[in-house]
Amino acid sequence: MGKIYQIGEVSKITGLNASALRYYDKVGLLTPKRLEGAVKNHYRVYDDDDVERINKISMLSKMGYGLKEIKQILDNSESEMEQFIIENTRSLEEERKRLENKIKFNYLLSIAGTRFLSMKSFVSRDTDTLMQICKDKFEESAYYHEIEQKKEKVTQENVDTLMQFFERFADQYQSGMDFRDEKPLETAEKCYTYFSEHFLNLSLDDFSLLACFLGGGGLITSFLNHNYGKYTAEFAMGAFLIFCKNNGIPIDEGNEEELCHE
């Protein structure tokens, strides 16, 4: 048998406690030897091959494999193990892509807000539109290249001017105007024109989606309402969406009353 180790010695060598080693024995992942003449279930002993197997188990466990998967890897032939790893790699790649999309989606929701999900009916599209923005192909779009070209030219004056439009929205809301009124719609049109000229020339279809972000309850909503007063973001969103609707983008009129209210 060569050199043998008792369970306490193996625990020190491998860093695994005795309980884990006994559990591996119980589930058939590691079968220690028994000393001849020893009482049943006593005096587990291990050899160098067992220690090597334990180290492999620890390595695979740290890599995220479950015990059943580890047993399948260690007990199969080289060719079977290779096929298992190939299939498992493919599965992990799919999981990685799913998690990457989820991270991007969650990041956008932190900006747009979870309330955005209940507002998707305001625009004649579904949440697939939001996911489309997450895709890597965005870097190939005209919007991406336009951002790259314009971002170096954007000045603090441009940002301040853009924010002045939201100051107007705040004043209009606080004076008791409805976002459907002429002045808020005029402010929405001027803001859209300025934004297109200095930041990004969005189509009205995509601009309506951006408008939903304003009142979606996320970071943008919090920023605008904190700096310009409660409901400023929702009021501006309402004006933008009605502006888009008046220019051919379908909006669900049945929900318009909810646009600038909690």
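Filter the stretch 210-222 down to the residues that are over 19 Å from the mean Cα position of the chain (by Cα) and surrounded by 22 or more Cβ atoms within 10 Å (Cβ to Cβ), then identify the one that is modelled with the lowest pLDDT.
The selected residue is CYS212.
Are there any pairs, at least 6 apart or on different chains, whose C-beta atoms fall under 7 Å, with the first in the stretch 1-28 and over 24 Å from GLU69 (Cβ atoms) and the second open to solvent by less than 30 Å² (accessible area, probe 1.4 Å) and among the charged types (D, E, K, R), and if so, which?
MET1/ASP47; GLY2/ASP47; LYS3/ASP47; ILE4/ASP47
Any residue at all in the stretch 85-97 that's open to solvent by less than 60 Å² (accessible area, probe 1.4 Å), under 20 Å from ASP49 (Cβ atoms) and out of contact with any Pro (no Cβ under 6 Å at 6 or more places or on another chain)?
There is no residue in the stretch 85-97 that is open to solvent by less than 60 Å² (accessible area, probe 1.4 Å), under 20 Å from ASP49 (Cβ atoms) and out of contact with any Pro (no Cβ under 6 Å at 6 or more places or on another chain).
Among GLU80, GLU52, which is the only one that is charged (D, E, K, R) and either surrounded by fewer than 11 Cβ atoms within 10 Å (Cβ to Cβ) or modelled with pLDDT of 85 or more (or both)?
Unique residue meeting the criteria: GLU52.
Which count do you get for residues in the stretch 188-209 that are open to solvent by less than 10 Å² (accessible area, probe 1.4 Å) and more than 28 Å from the chain's Cα centre (by Cα)?
Of the residues in that region, 2 qualify.
The values are calculated or read from the model by the stated rules, or taken from the named source; none is laboratory data. On a predicted model such as this, the values are computed, not experimentally measured, just so you know. Don't worry about glycine lacking a Cβ; one is built from the backbone with ideal geometry, like all the others, and counts go over all protein chains shown. The area values use the complete protein model at the heavy-atom level, side chains included, leaving out ligands, DNA and RNA. Shrake-Rupley method; radii C 1.70, N 1.55, O 1.52, S 1.80 Å.
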